[in-house]
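The values are calculated or read from the model by the stated rules, or taken from the named source; none is laboratory data. Quick caveat, the model's predicted, so the values are computed rather than measured. Cβ sites come from the backbone with ideal geometry, for glycine too, and all protein chains shown count toward neighbours.
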Amino acid sequence: MQVEQFERSLLASELPAGLSEALQVLWFDGRGDWDAAHGIAQDMPCEAGAWLHAFLHRREGDLANADYWYRRAGRRRPEIGLDEEWRSLVEWFASRQQASD
């Protein structure tokens with residue numbers, strides 16, 4: 001799935017079939033459903049889950065918690081806007097899903 005397709009899917013009433021957990025997090029976040037996105041991310045016991053968890057806490061404005069999760073993911077909080085980070089995460093995880101399909 002390309003980023004543009006993913007962004008268009010945000011207009012649908014239901015989660016598109018076949019999305020990875022990471023893309024599900026980003027889909028719910030893109031629709032403004034932080035709680036649903038966070039619920040999925042916090043149940044992902046991996047580096048990707050920590051990275052997404054960090055992003056969500058950054059969006060929430062809880063930077064101390066976000067920085068903790070960025071460290072758990074082996075990353076630093078980026079110096080870009082939230083929308084730009086969201087898009088880069090979609091690109092990253094969409095490319096991984098395509099490679100595994």
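Can you tell me how many residues in region 1-18 are within 14 Å of Leu89 (Cβ to Cβ) and out of contact with any helix residue (DSSP H, G or I) (no Cβ under 6 Å at 6 or more places or on another chain)?
Selection size over region 1-18: 1.
What's the number of the only condition in (1) surrounded by 12 or more Cβ atoms within 10 Å (Cβ to Cβ); (2) part of a helix (DSSP H, G or I); (3) at pLDDT below 95 that Pro16 fails to meet?
(2)
If I filter region 72-95 for residues that are modelled with pLDDT under 90 and more than 9 Å from the chain's Cα centre (by Cα), do I get at least one hit?
yes
Can you say whether His57 is within 9 Å of the chain's Cα centre (by Cα), more than 23 Å from Gln2 (Cβ to Cβ) and either part of a helix (DSSP H, G or I) or without any contact (Cβ under 8 Å) to a residue 60 or more places away in the chain (or both), as far as the supplied structure shows?
Working: within 9 Å of the chain's Cα centre (by Cα): no; more than 23 Å from Gln2 (Cβ to Cβ): yes; either part of a helix (DSSP H, G or I) or without any contact (Cβ under 8 Å) to a residue 60 or more places away in the chain (or both): yes.
No.
Return the pairs, sorted by first residue and then second, in which the second residue is outside any helix (DSSP H, G or I) and not hydroxyl-bearing (Ser, Thr, Tyr), the first residue lies in region 17-38 and is in contact (Cβ under 8 Å) with a residue 24 or more places away in the chain and farther than 15 Å from Val3 by Cβ, the beta carbons are less than 6 Å apart, and the residues are 6+ apart or on different chains.
Sorted first by the residue in region 17-38, then by its partner, the pairs are Glu21/Met44.
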